[in-house]
Amino acid sequence: MISQGVVYCLTDSEAYLEAVLISSLTLRSFEPDLPIAIISNLARIESLDLKPYNISSRYLTAQELPVNNTFVSRYLKTHLIELSPFTETLFLDADILPCAAINDLWHYLKTAVIAMVKDRLPLVEMCDHISPEEKSYTLEQIPPHSIQYNSGVMLWRNNRSMQELFAQWQSEWNIYQKQDQLALVRALHHCHISVAEIPQFYNVSPIDSIELIEAGQKIQLLHCWGGMVASGEFRDIAQSRYPQIVEQVDFLLRSSPKRVPHI
């Protein structure tokens, strides 16, 4: 097993395929030697010529993704420890736009087996993107001031405690089978696992980044959440910063068929 690497996961969306390619090729421009893997149920992933960028891919069949709903990507996220080829994995959401090298991230695993950035609404009682039923269920089990972490950037080491955490996360997610963050909070609470907190500039929205930039902080990973991929805003931001990479992605997509039969 390779010691360190980055994993993306992608399900069912051509728009997010473009985003993953933009994100991973941008990351490659900053990190020429860091292994990168894309895991997806889109058969088209197999037709993309990613070898020149030293990016690997794994196609998941329907049998490997038994959940069939709009939140199948969350199911996949909770099973990443089984799918990642790395001992130490950095997971990035498809709507993450790298802005600098990230090699300093790995030292956060010196003090914990998992590291994340606090969510922009950092307390469970502040959570506003989960159904009221799941939020109430969560608050029955853990204190309202418990930390909520943003799972769009996750760094972990594969060991027994992390395997137990992911198994608990899967179990918690299966209760509602929708969003994943409060399920992760509950899993961390039940498994008594501490999280190393990564600074905000490793997972920050474009709006929140303005204050950090004005304070002289360099942004490492820009998280374009909230529908910015579907609206085209993610591509526009990438185009303004990395036009050559967007052009490379356009060429990759033009060079591969949209539908690839898988036997």
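Taking a probe of 1.4 Å, how large is the accessible area per residue of region 1-93, in Å²? Using a 1.4 Å probe on heavy atoms only, each residue of region 1-93 averages 40 Å². 3J(HN,Hα) along region 10-18, derived from phi through the Karplus expression 6.51 cos²θ - 1.76 cosθ + 1.60 where θ = phi - 60°, amounts to 8, 9, 6, 10, 5, 4, 6, 4, 4 Hz, with x in place of Gly and Pro.
Beta-bridge orientation, the chain: approximately 45 percent antiparallel, per DSSP, counting only bridges with both partners inside. With the convex hull drawn over the C-alpha atoms of region 160-222, the volume per residue is 107 Å³. What you get for the chain, charging only the Cβ of Lys and Arg (+1) and of Asp and Glu (-1), is a dipole of about 520 debye around the Cα centre. Using alpha carbon centroids, what distance separates region 113-156 and region 26-50, in Å? Taking the Cα centre of each part, region 113-156 and region 26-50 sit 29 Å apart. Rounded to whole numbers, the Karplus 3J(HN,Hα) couplings from phi for region 223-228 are 9, 8, 7, x, x, 6 Hz, using 6.51 cos²θ - 1.76 cosθ + 1.60 with θ = phi - 60°, and x at Gly and Pro. Between amide H atoms placed 1.01 Å from N, distances below 5 Å from SER146 occur with VAL124, GLU125, all of them 5 or more places distant or on a separate chain.
Amide H contacts of ASN203: LEU221, each under 5 Å away and 5 or more positions distant or on a separate chain (H built 1.01 Å from N in the peptide plane; Pro and chain starts excluded). Taking max minus min of the alpha-carbon positions on each principal axis, region 48-189 gives extents of 50, 37, 30 Å, largest first. Residues MET116, MET228, ordered by accessible area of protein heavy atoms at a 1.4 angstrom probe radius and largest first, appear as MET228, MET116.
Taking packing as the residue-averaged number of other Cβ atoms within 10 angstrom, the listed peptides 210-223, 147-160 run from highest to lowest as 147-160, 210-223. Only helices enter the 222 nm calculation for the chain: every DSSP H run of n ≥ 4 contributes -39,500 (n - 2.57), and dividing by all residues gives -11000 deg cm²/dmol, rounded to 500.
A dipole drawn for region 93-185 from +1 and -1 charges on Cβ atoms has a positive end, and of SER146, SER161, TYR176 the residue lying farthest that way is SER161. Here the chain exposes an accessible surface that is 50 percent carbon and sulfur, computed with a 1.4 Å probe and the other protein chains kept in place.
Phi angles across region 74-91 convert, under the Karplus curve 6.51 cos²θ - 1.76 cosθ + 1.60 with θ = phi - 60°, into 3J(HN,Hα) values of 6, 4, 4, 4, 6, 10, 5, 5, 7, 9, 5, x, 10, 6, 10, 10, 10, 8 Hz, Gly and Pro given as x. When Rg and Dmax are taken over the Cα atoms of region 30-123, they come to 15.1, 43 Å. When peptides 70-80, 104-114 are ranked by their average number of other Cβ atoms within 10 Å per residue, the highest-first order is 70-80, 104-114.
Equivalent ellipsoid of the chain: semi-axes from √(5λ) of the C-alpha gyration tensor, largest first, are 28, 22, 18 Å.
The slack between ASP33 and ILE213, meaning 0.36 nm per residue of separation minus the straight C-alpha distance, is 62.0 nm.
The values are calculated or read from the model by the stated rules, or taken from the named source; none is laboratory data. Note that this is a predicted model, so its numbers are computed, not measured. Neighbour counts run over all protein chains shown; Cβ positions are idealised from the backbone, glycine included. Please note that ligands, DNA and RNA were not included when accessible areas were found on the heavy atoms of the full protein model with its side chains. Shrake-Rupley method; radii C 1.70, N 1.55, O 1.52, S 1.80 Å.
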